[in-house]
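Below you'll find the structure, written out as structure tokens, and then a few comments.
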Amino acid sequence: MAEQVINWNRRDFLQTASRAALLLPAIGVTAELLACSRAKSSTTSDAANPTWRATVVPEHEPGEPLVVSGTIYAPDGHTPLPGIKLWVYQTDASGHYSPLSESGGDNRNTRLHAVMQTNSEGRYEFRTIRPAPYPGRTNPAHIHAYVSGPGYPEYWIDEYLFEGDQFITEEMKQKFGGEGNQSSILKLTRDSDGTWRGVRDIVIERCSKNCTGR
């Protein structure tokens with residue numbers, strides 16, 4: 001196809017440049033609003049009426065697909081807990097929480113986030129992409145998470161980490177490497193279509209005064 005050439009005269013150029021100059025101060029605000037909009041539209045399970053499955057990333061989000069699933073148990077470590085909310089948020093494939101951020105932080109409403117609620121069998125699942133470490137830092141790639149539910153006040157749980165990450169130290173392995181699927185350092189497998197999969201079961205550790213101890 002022949003390349004089209006568009007000729008602008010001086011007046012057209014000056015008018016366009018003037019309009020652009022007026023828009024420049026609003027670019028930062030607009031970018032924040034767009035990031036907020038993407039955050040709200042990136043999940044299939046909202047905070048008001050969450051389901052046990054959630055999607056963290058919007059369609060065509062760059063990165064390697066990842067599916068994380070598991071069961072949330074009562075403090076006894078055996079009884080599945082229905083109706084427990086799990087919130088997650090993470091960096092993108094470049095290590096940023098939003099297009100305007102430089103590093104990490106406790107930002108629950110960052111662009112890539114989701115909330116889900118365990119089903120009658122205590123199950124949860126979320127689809128996302130593998131997060132990247134913060135640029136220029138030595139923190140392992142991770143997904144932030146916190147839980148809450150009837151009789152269980154909201155609290156943060158250990159971050160989701162990933163086996164084989166170059167930034168996971170021996171000390172971290174000792175601290176976060178639990179038994180089997182209860183480890184917060186996930187062992188990932190990869191499907192034939194390139195999707196990574198990991199399992200993490202969670203045992204609730206904080207509860208109201210009538211809660212049975214572990």
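The values are calculated or read from the model by the stated rules, or taken from the named source; none is laboratory data. Model, not experiment: these values are computed from the prediction. Counting neighbours? That spans all protein chains shown, and the Cβs are built from the backbone with ideal geometry, glycine included. We work out accessible area using only protein heavy atoms, side chains counted, and drop any ligands, DNA or RNA first. Shrake-Rupley method; radii C 1.70, N 1.55, O 1.52, S 1.80 Å.
A few remarks follow.
- ASP165 vs. criteria open to solvent by 50 Å² or more (accessible area, probe 1.4 Å) and free of Cβ contacts under 8 Å to residues at least 40 places away in the same chain: no
- Out of GLY151, GLY122, sole residue that is among the small types (Gly, Ala, Ser) and open to solvent by 20 Å² or more (accessible area, probe 1.4 Å): GLY151
- Residue satisfying all of: in the range 170-181; surrounded by 11 or more Cβ atoms within 10 Å (Cβ to Cβ) and without any contact (Cβ under 8 Å) to a residue 24 or more places away in the chain; farthest from HIS78 (Cα to Cα) among these: LYS173
- Checked against (1) modelled with pLDDT of 95 or more; (2) closer than 26 Å to THR169 by Cα; (3) open to solvent by 10 Å² or more (accessible area, probe 1.4 Å), ARG127 passes all but condition (2).
- All positions within the range 183-197 that are surrounded by 16 or more Cβ atoms within 10 Å (Cβ to Cβ) and polar (S, T, N, Q): SER183, SER184
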